[in-house]
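Just below is one structure, and these are the notes that go with it.
The values are calculated or read from the model by the stated rules, or taken from the named source; none is laboratory data. For clarity, every value in this text was computed on a predicted model and none was experimentally measured. Cβ sites come from the backbone with ideal geometry, for glycine too, and all protein chains shown count toward neighbours. Heavy atoms of the whole protein, side chains included, go into the accessibility calculation; ligands, DNA and RNA do not. Shrake-Rupley method; radii C 1.70, N 1.55, O 1.52, S 1.80 Å.
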Amino acid sequence: INEPEVGGHWERSIGLHRTSDSYVVQSSATKQDAVLWFGPASALSTIYVPFVVDMEIPSSYKSGIQEVFSRSSAFWASCVIQNIANLKWKPMMDIVQTVQQTLERDSIQLVTELVTTYSEDLESKLIANAAHVVETAWKLSDDLLFQFASGFYNDPDTHVMGETDGYPAWWLNAVGFRDGPPPPPTLTKCCRPPAGWEAGYGVGSGKIERERYENVVTG
């Protein structure tokens, strides 16, 4: 670590990657209208959740430290999202922001309904909302990991698997892409395929054309 030797300090922005939490206080003269919008971990990946004064805070928002990883922690749910998004920031964060906006919009609507028309189950509804946010955050990180695994793009809903954005043409020309090695082999080397197997294999398409392959095998 060279920072102590050089001296100085990093900027401490709200979206700093090592932020432990951030929050927005919605003050009011009455307890029911006073809302704390709490976001664990970095503001870039967190989802702000509403809590009111004197309510019992869910355990997922009372736990979570950097020393111990836990899937029951709201802190780690947000932290994992940010660390995965760092792998391919722009497309991943577009998805993250859509989820953030949807969940926070739902929370705003819930708070508006609860504070304008007093509800005896206000606390239980807020706790259920917080649990839903944490559950969705964990699902989001899993979805991001699958959807952009190994630098590819996968979307089973549209049957798009293993696609890649590639590199800009100017960059490929600059690094001598045309002078690179030959393309990788498309035929298996692990065994002896049946005669005519090549005809049943979608060379260059990335998939086996099953009907043609079966016709070759069965004769």
Those aspartates and glutamates that a straight Cα-Cα span of less than 15 Å connects to K62, excepting residues fewer than 8 apart in one chain: D21, D54
The stretch 34-92: Rg/Rh from Cα coordinates, Kirkwood Rh? 1.03
Scan the stretch 64-162 for trypsin sites (Lys or Arg not before Pro) in coil per DSSP, keeping those whose Cβ has at most 14 other Cβ atoms within 10 Å, and list them by number. R71
Sulfur and carbon atoms: percent of accessible area, the stretch 125-187 [1.4 Å]: 62
Would you list which aspartates and glutamates come within 13 Å of K88, measuring only between C-alpha atoms, while excluding same-chain residues fewer than 8 positions from it? D165
Of the GluC sites (Glu not before Pro) in the stretch 75-149, which ones lie in a loop per DSSP and count no more than 11 other C-beta atoms within 10 Å? E120
Return the loop-located chymotrypsin sites (Phe, Trp or Tyr not before Pro) in the stretch 2-65 (DSSP other than H, G, I, E, B) with at most 12 other Cβ atoms within 10 Å of their own Cβ; answer none if there are none. W10
Given a 1.4 Å probe and every protein chain left where it sits, what share in percent of the accessible area of the stretch 35-75 is carbon and sulfur? 58
Å² of accessible area per residue within the stretch 1-135, as computed with a 1.4 Å probe and no ligands counted: 62
